[in-house]
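So the structure is just underneath, and the comments pick up after that.
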């Protein structure tokens with residue numbers, strides 16, 4: 001039986017790797033996001049993960065009326081502001097040229113993170129496919145539970 005600490009470390013490293021791959025994808029897809037060395041990208045993704053865990057909930061609480069009014073779409077602006085802040089903090093090693101580059105980069109990071117977390121099973125979404133026995137409810141057709 002593994003210790004709980006090992007499980008948390010594995011989950012953290014997996015989340016960090018997913019975040020790094022998502023930021024790398026954003027760097028290649030969005031003009032205006034740059035890094036110098038691979039280590040700079042790893043540091044930026046670590047800082048993004050830490051700020052998303054610490055700063056983003058505070059920003060969400062402060063922006064709650066806007067989040068409700070826009071049905072959650074203001075979350076994209078919050079994510080863009082966090083990415084833009086990281087770009088300014090780590091400049092010149094990792095940089096984000098403009099708010100719009102940060103906006104599109106944050107959108108790419110979000111989409112890629114959702115896809116990778118779903119594929120690896122590390123996110124909150126779970127996909128379960130099961131086949132019921134013949135004669136039971138559903139008559140043996142596959143069931144996809146999302």
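The values are calculated or read from the model by the stated rules, or taken from the named source; none is laboratory data. All values derive from a computational prediction rather than experimental measurement. Cβ coordinates were reconstructed from backbone atoms using ideal geometry, including for glycine residues, and neighbour counts include every protein chain displayed.
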Unique match (being surrounded by 16 or more Cβ atoms within 10 Å (Cβ to Cβ) and in contact with a helix residue (DSSP H, G or I) (Cβ under 9 Å, 6 or more places away or on another chain)) among 48, 29: 48
Scan the range 59-68 and give yes if some residue there is part of a helix (DSSP H, G or I), closer than 17 Å to residue 107 by Cα, modelled with pLDDT of 95 or more and in contact with a helix residue (DSSP H, G or I) (Cβ under 8 Å, 6 or more places away or on another chain), otherwise no. no
Quick check: is even one residue across the range 129-136 touching a helix residue (DSSP H, G or I) at 6+ places or on another chain (Cβ under 8 Å) and either closer than 25 Å to residue 14 by Cβ or modelled with pLDDT under 95 (or both)? no
Scope the range 32-45; condition within 12 Å of the chain's Cα centre (by Cα) and surrounded by fewer than 16 Cβ atoms within 10 Å (Cβ to Cβ); matching residues: none
In the list 18, 96, 23, 58, which residue meets the criterion of being within 19 Å of the chain's Cα centre (by Cα) and surrounded by fewer than 18 Cβ atoms within 10 Å (Cβ to Cβ)? 58
